[in-house]
Amino acid sequence: MTQPLRFHGADAGGPRLQEVMERVGHGDRDAFAVLYDAVVATVFGIVVKVVRDRAQAEEVAQEVMIDLWRQAARYRPEQGTVMTWVATIAHRRAVDRVRSAQASSDREHATAVRERHRPFDEVAEEVESRLESEQVRRCLDGLTELQRQALTLAYYRGLTYREVADRLGSPLATVKTRMRDGLIRLRDCMGVTA
């Protein structure tokens, strides 16, 4: 029968802690309770310095303790003391939490920037639309009667070339030519570059 392990202070980092760690690696819950008592203050201290939020630090410290239970069999005394190994795990877990929080914050910021819309000025949009309409009317007034009628029927009523020709009683070729010439004159009048 193995005797219970209890130690405090200076013994916490010595060979006895290695023995406790070995027992934890074999699934000994009592040994884990001893390990927990020996390292939890150090773990929390490291984590709170990195995370800088007590509530998050408590959560991360709990995750570290779970990692210690799960990874205890991986501990190798020749690579360092138990406390060094524990401190490394605690520090890495805390840094991971900070990075994760920063990445989340960065994603939220990027989303907010993408979703931010420029304010829509309905009055300016309406004024611009009316000015364009007036300019189109002025330019249409500068066309010949056949050009204006053909373009109005085609663009405002949605008729085809043949339907415009039938409606105006003009040959199809004449209507096409008048519409082409009328579009060129409208483009020049409105200052649109081809």
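The values are calculated or read from the model by the stated rules, or taken from the named source; none is laboratory data. Just so you know, these numbers come straight off a predicted model, no measurement behind them. Here the Cβ is made from the backbone with ideal geometry for all residues, glycine too, and neighbour counts use every protein chain on show. Remember, those area values only see protein heavy atoms, side chains included, never the ligands or the DNA or RNA. Shrake-Rupley method; radii C 1.70, N 1.55, O 1.52, S 1.80 Å.
A few remarks follow.
- R52, sole failed condition from (1) farther than 14 Å from R97 by Cβ; (2) surrounded by fewer than 14 Cβ atoms within 10 Å (Cβ to Cβ): (1)
- For region 110-128, the condition of being open to solvent by 50 Å² or more (accessible area, probe 1.4 Å), aromatic (F, W, Y) and in a helix (DSSP H, G or I) holds for none of the residues.
- Exactly one residue among L153, L143 is more than 41 Å from the chain's Cα centre (by Cα), in a helix (DSSP H, G or I) and surrounded by 14 or more Cβ atoms within 10 Å (Cβ to Cβ), and that residue is L153.
- Total residues in region 183-194, condition modelled with pLDDT under 90, of a type outside the set (A, V, I, L, M, F, W, C) and part of a helix (DSSP H, G or I): 2
- Of the residues contained in region 124-142, none is found to be among the β-branched types (V, I, T) and either at pLDDT 90 or above or farther than 30 Å from L186 by Cβ (or both).
- Qualifying residue in region 3-11 (condition: modelled with pLDDT under 95, among the small types (G, A, S) and out of contact with any strand residue (DSSP E or B) (no Cβ under 7 Å at 6 or more places or on another chain)): yes
- Contacts under 6 angstrom Cβ, first residue in region 81-110 being of a type in the set (S, T, N, Q), partner open to solvent by less than 80 Å² (accessible area, probe 1.4 Å), 6 or more apart: T81/G13
- Being touching a residue at least 24 places away in the same chain (Cβ under 8 Å), open to solvent by less than 90 Å² (accessible area, probe 1.4 Å) and more than 43 Å from the chain's Cα centre (by Cα) is a property that T160 lacks.
- Members of region 57-95 found to be at pLDDT 95 or above, open to solvent by 30 Å² or more (accessible area, probe 1.4 Å) and more than 22 Å from D28 (Cα to Cα), listed by number: E58, E59, T88, H91, R92, R93, V95
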